[in-house]
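The values are calculated or read from the model by the stated rules, or taken from the named source; none is laboratory data. Bear in mind the structure is a predicted one, so any value in this text is a computation, not a measurement. Cβ: placed from backbone, ideal geometry, glycine included. Neighbour counts: every protein chain shown.
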Amino acid sequence: ELRSFYAKTSQALGVDSVQVLCEPKIDGLAVSIIYEDGVFVSGATRGDGRVGEDITANLRTIKSLPLILRETVSGKLEVRGEICMDKKGFALLNAAREEAGESLFANPRNAAAGSVRQLDPKVTAVRKLKIYLYQVVDPEKHGIRSQKEMLETISRFGLPVQGSERLCSTLEEVESYLEAWTEKRFEHPIDTDGVVVKLNDIGLRAMLGVTSKAPRWAIAFKFPPEEKVTRIIDIEVTVGRTGTLTPTAVLEPVHLSGTVVRRAILHNQDEMDRKDIRIGDYVLVHKAGEIIPEVIRVEKERRPEGTVPFRIPEICPVCGSGAVRLSGEAAVKCSNSSCPAQIKEGISHFASRAAMDIRGLGEKIVALLVEKGIVSDFADLYTIQTEDLIPLERMGEKSARNITEAIEKSKKRPLGALINALGIRNVGERTANDLAEKFRSLELLSEIAVNRTDELESMEGIGPVIAESLRVFFLEPHNANVIRRLKEAGVNMIIESSAKTREDLPWSGLKFVLTGELSTMTRPEASEKIKALGGETSDSVSRKTDFVVTGEKPGSKLLKARSLGIEVLEEEDFIKRLSEAQ
């Protein structure tokens, strides 16, 4: 890939060799910062400061970001870079959260993103975030002629830069830099997930142009996942909200991709049988997607004598009820719908951000509420008083009040969030939002699911499996009772009719397809914004598609869109159009 980039670039420029600047790619949150006459005025998570998420107040708390530049720069200066948290700060933050009984961040990038989006800048300030800048927008205006000169100019202004770049004139020098950083990344204090190679001469970049996804004058290389060998010292079986018994390997602690890994999900019996995983085995592990610990393979030549294949039990380890594996399914499930483990996991899901978004109601608090008999289903949450929470471990009056206020606020959540919160089998966030948009009330959805299943099956993205899951859920008397009590508590169960008809909305009749990972919102959130403006979303690209919105790592949909001549919108373009249409 690198050789191809070099060959195409040299050919397009009509030269034998090209000079490039190599820089480590920080695994952080992309930000845009604006100075006016040398004074910091605003910052956002994406775009030019007018779009994206405004984080101006929180940026002021980052000590390395000057509020006044070292040199006076007349007019507007826009610089872009990454906000991150170093590995030491990340470890200290997670240790403090664990001590406080709070959920842990998966990696430094998530910790940085969560910290800079805090509503209270004081919280951001104590997280000790770092920022590194690498781009000046409109460099020619500031007399910048090369990428190297750009970094030097940023530094001269008093802004923080990484300082790990290298100017390379040959392919061999670039390969050497890549090889060095593939190893150096583990000792570097900041997480890096790759290397970016950019044509150094800014003036020559215009000759190469850009594609719909990226400039032709730059290329990014991702590091391969770090892999380590450790030993399985036990296999534990946990019960999820749908009753699935999931085996998890308990590992000898191993430092992997910035965190200490002690556990790895083994998924199901078929997966364990395929890899022949046993207690006592030495295994090679990595983080799938740099987040989820995963066993890649067993080192069978090191297998101790006397090990035996592991079998998921036929009895639920929590409630003692029978556990069964239905025909055609990989999962083994607890047969008791009142299993305490299912109740805890179900309520945690109900309170999660993509569902009812009840802030402060984490897994440990939910576990205490269930164990003490305060709640046994979703509707019980809406009977909780502040006085019920104060006696709980590590719970003060202020925290208790915050939770009850969050519960009250959740009553106004959108219908799609409620459908997702109910935990209906096979119905995720995207499907829940589609169902809400289609039927506009939980009562109508229930009636259709029970009495007119064929109408559900005909919906795009539903089909017989999801339709049957909905039918079974709404026929269950316990679920009907919970929904009735939620309604009595005042939980929103409809989409209010708008004064405007869909035909009056700016994107009426336009069809969108989303592909790749968006950085400023989830795909279901983007879908909701499209629908709020009258547009439609689909999972597949066809000649009827008007726009394909692309994020990081787009799939085959992007290729199909290009082959059909469909307009492709990068995330920044999409956000700008959203802003203009709203």
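Among the criteria (1) surrounded by fewer than 16 Cβ atoms within 10 Å (Cβ to Cβ); (2) in a loop (DSSP other than H, G, I, E, B); (3) at pLDDT 95 or above, the one Gly373 does not fulfil is (3). Looking at Ile448, is it outside the structural domain of Glu528 (by TED's automatic domain parsing), without any contact (Cβ under 8 Å) to a residue 40 or more places away in the chain and under 24 Å from Thr545 (Cα atoms)? No. When the range 169-194 is filtered for residues that are under 14 Å from Phe5 (Cα atoms) and of a type in the set (A, V, I, L, M, F, W, C), the ones remaining, listed by number, are Leu171, Val174.
Of all residues in the range 61-85, none that is touching a residue at least 12 places away in the same chain (Cβ under 8 Å) has its Cβ atom under 7 Å from the Cβ atom of a residue that is small (Gly, Ala, Ser) and loosely packed, with under 12 Cβ neighbours inside 10 Å, 6 or more apart or on another chain. For the range 400-410, a residue qualifies if it is more than 10 Å from Ile358 (Cα to Cα) and surrounded by fewer than 16 Cβ atoms within 10 Å (Cβ to Cβ), and exactly one does: Arg401. Going through (1) among the hydrophobic types (A, V, I, L, M, F, W, C); (2) in contact with a helix residue (DSSP H, G or I) (Cβ under 8 Å, 6 or more places away or on another chain); (3) under 28 Å from Pro524 (Cα atoms) one by one, Ala406 falls short only on (2). Report yes if some residue within the range 407-417 is of a type in the set (Ser, Thr, Tyr) and outside any helix (DSSP H, G or I); otherwise report no. No; the residues of the range 407-417 include none that is of a type in the set (Ser, Thr, Tyr) and outside any helix (DSSP H, G or I). Considered as a group, the residues in the range 234-260 that are of a type in the set (A, V, I, L, M) and within 26 Å of Gly306 (Cβ to Cβ) include one that is modelled with the lowest pLDDT, and that residue is Val254. When the range 411-442 is filtered for residues that are among the charged types (D, E, K, R), in contact with a helix residue (DSSP H, G or I) (Cβ under 7 Å, 6 or more places away or on another chain) and either closer than 17 Å to Arg353 by Cα or surrounded by 17 or more Cβ atoms within 10 Å (Cβ to Cβ) (or both), the ones remaining, listed by number, are Glu429, Arg430, Glu437. The number of residues in the range 260-285 being within 15 Å of Val237 (Cβ to Cβ) and among the aliphatic types (A, V, I, L, M) comes to 6. For Ser542, the requirement of being of a type outside the set (A, V, I, L, M), out of contact with any Lys or Arg (no Cβ under 8 Å at 6 or more places or on another chain), over 30 Å from Arg80 (Cα atoms) and surrounded by fewer than 20 Cβ atoms within 10 Å (Cβ to Cβ) is met.
Residues in the range 149-175 that are in contact with a Lys or Arg (Cβ under 8 Å, 6 or more places away or on another chain) and over 21 Å from Val73 (Cβ atoms): 4 in all. Assess whether Arg484 counts as being outside the structural domain of Ser352 (by TED's automatic domain parsing), closer than 20 Å to Ala355 by Cα and surrounded by fewer than 14 Cβ atoms within 10 Å (Cβ to Cβ). Criteria met by Arg484. Go through the range 319-366 and count every residue that is surrounded by 21 or more Cβ atoms within 10 Å (Cβ to Cβ), of a type in the set (A, V, I, L, M, F, W, C), touching a strand residue (DSSP E or B) at 6+ places or on another chain (Cβ under 7 Å) and not in a loop (DSSP other than H, G, I, E, B). Number of matching residues: 3.
Look at the range 564-579: where a residue is without any contact (Cβ under 8 Å) to a residue 40 or more places away in the chain and a partner is assigned to a strand (DSSP E or B) and polar (S, T, N, Q), sitting 6+ places away or on another chain with Cβ atoms under 8 Å, you get Leu569/Thr550. Is it fair to say Leu445 is surrounded by 18 or more Cβ atoms within 10 Å (Cβ to Cβ), among the hydrophobic types (A, V, I, L, M, F, W, C) and outside any helix (DSSP H, G or I)? Judged against the criteria, Leu445 is not a match. Evaluating Asp273 against the criteria (1) surrounded by 19 or more Cβ atoms within 10 Å (Cβ to Cβ); (2) among the acidic types (Asp, Glu); (3) without any contact (Cβ under 8 Å) to a residue 40 or more places away in the chain leaves one unmet condition, (1). The residue that is nearest to Val491 (Cα to Cα), counting only those in the range 378-393 that are of a type in the set (Val, Ile, Thr) and not in a helix (DSSP H, G or I), is Ile384. Restricting attention to the range 266-318, the residues being farther than 17 Å from Pro247 by Cα, of a type in the set (A, V, I, L, M) and part of a loop (DSSP other than H, G, I, E, B) number 1.
Would you mind finding the one in Leu133, Leu119, Leu93 that is at pLDDT below 90 and either in the same structural domain as Val196 (by TED's automatic domain parsing) or under 22 Å from Glu363 (Cα atoms) (or both)? From the options Leu133, Leu119, Leu93, the qualifying one is Leu119. Out of the residues in the range 402-456 that are within 20 Å of the chain's Cα centre (by Cα) and charged (D, E, K, R), state the one that is farthest from Ala480 (Cα to Cα). Ranking the qualifying residues of the range 402-456, first place goes to Arg430.
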